[in-house]
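Values quoted throughout were computed directly from the atomic coordinates according to the rules given, and no laboratory measurement underlies them. Please read all numbers here as calculations on a predicted model, not as lab measurements. Neighbour counts are summed over all protein chains in view; Cβ atoms, including those assigned to glycine, are modelled from backbone coordinates with ideal geometry.
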Amino acid sequence: MNLIKINQLSKQYLMGKTVINALNDVNIEIDKGEYVCIAGPSGSGKSTFLNLLGLIDTPTSGEIIFDGQSVFKLKEKELHRFRKDRISFIFQNFNLIPILSAYENIDFPMLINKVPKSERQYRIDKLSEAVGVRQYLNHRPDELSGGQQQRVSIARALVTNPEVVIADEPTANLDTTNTNNILALLKQLQRDEDTTFIIATHDPDIMKQADRLISIRDGKVEKNIYQVEKNK
Ligand SMILES: Nc1ncnc2c1ncn2[C@@H]1O[C@H](COP(=O)(O)OP(=O)(O)O)[C@@H](O)[C@H]1O
Ligand SMILES: [Mg+2]
């Protein structure tokens, strides 16, 4: 079933008097539980597209219909609630809160969602182990390497068991072993929880395990390739 339907989505940025067409008339449908990779050269519009999909930016024109709801027609408060309840975003630059420890950063979305303390503790233990940051939980972001921060931000995004995970180059700072651990975790979530993944990446290993590859160039969809049989 269609979870996300993207209709004629466009985004322009204004730089002084210059108009930058970062995204041009994109039409795509994404099913629940699909694992989609977004590829394309730097500057092609991947981050712009993900920011719109993650409801952290608004389009110049076009719409996103998420589970039957045209999301940019929602009032701001409803849009925030929609995003909080259904979507997790893994940022390219981590966006960790600098004054909080790794533990507190991962805990944060569960606090907002009022998850009971024992459950929060359990999930942080499990996930920090899975991404390999359990021994650094007391450290603040500035006491962690880029790769460690990236893994903390991945744990924070997954800890609420979100329906949709949007990730902007989530393994760019990771070595092969850590990348493989993360990839296994994502695949397991897709299988066990029917999590939908939309991931911008240059990493051939992520592309290999995706159900579908969408390549973007100059803000347009260039290719849309199913790597596994579409069966839902
Ligand atoms: N906030 C912004 N203001 C102006 N131009 C932007 C902004 N964000 C992105 N762009 C421009 O939009 C185009 C697409 O950028 P982006 O979506 O970041 O591509 P990618 O993630 O594929 O590298 C580029 O030309 C970039 O310079
Ligand atoms: Mg980008």
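For this structure, a couple of remarks:
- Using a cutoff of 8 angstrom between alpha carbon atoms and counting only pairs six or more residues apart, the relative contact order for segment 116-232 works out to 20 percent.
- Axis angle, to the nearest 10 degrees, between helix 76-86 and the longest C-alpha principal axis of the chain: 60 degrees.
- Helix axis angle, 176-193 relative to the chain longest principal axis, alpha carbon, degrees: 80
- Relative contact order (%) - criterion: Cα under 8 Å, at least six apart; region: the chain: 29
- Amide H contacts under 5 Å for SER88, placed H, 5+ residues apart: VAL164, VAL165, ILE166
- Label-point separation, GLN188 to THR60 (7 Å along Cα→Cβ), nm: 4.4
- R0 of 35 Å, Cβ-Cβ distance SER118-GLU229: FRET efficiency to nearest 0.05: 0.25
- In segment 89-182, one over the average inverse separation of all distinct C-alpha pairs is 13.0 Å, which is the Kirkwood hydrodynamic radius.
- Cβ-defined net charge surrounding ILE4, 10 Å radius [Lys, Arg +1; Asp, Glu -1]: -2
- Intensity falloff of segment 2-226 expressed as log10 I(q)/I(0), Debye formula with alpha-carbon point scatterers, at q = 0.10, 0.15 Å⁻¹: -0.45, -1.01
- Gain upon complete extension [LYS17, GLU222; 0.36 nm per residue less C-alpha separation]: 71.0 nm
- Over 27 Å between alpha carbons, listed pairs LYS46/LYS187; LYS5/LYS114; LYS11/LYS32: LYS5/LYS114
- Positive-end residue, segment 2-226 charge dipole about Cα centroid, Cβ charges, pick of ALA130, GLY68, HIS202: GLY68
- Taken one residue at a time, the phi angles of segment 144-151 give Karplus couplings (6.51, -1.76, 1.60, θ = phi - 60°) of 10, 6, x, x, 5, 4, 4, 6 Hz. Gly and Pro are set to x.
- Equivalent ellipsoid semi-axes, segment 119-171, via Cα gyration tensor eigenvalues times 5, rooted, Å: 17, 16, 8
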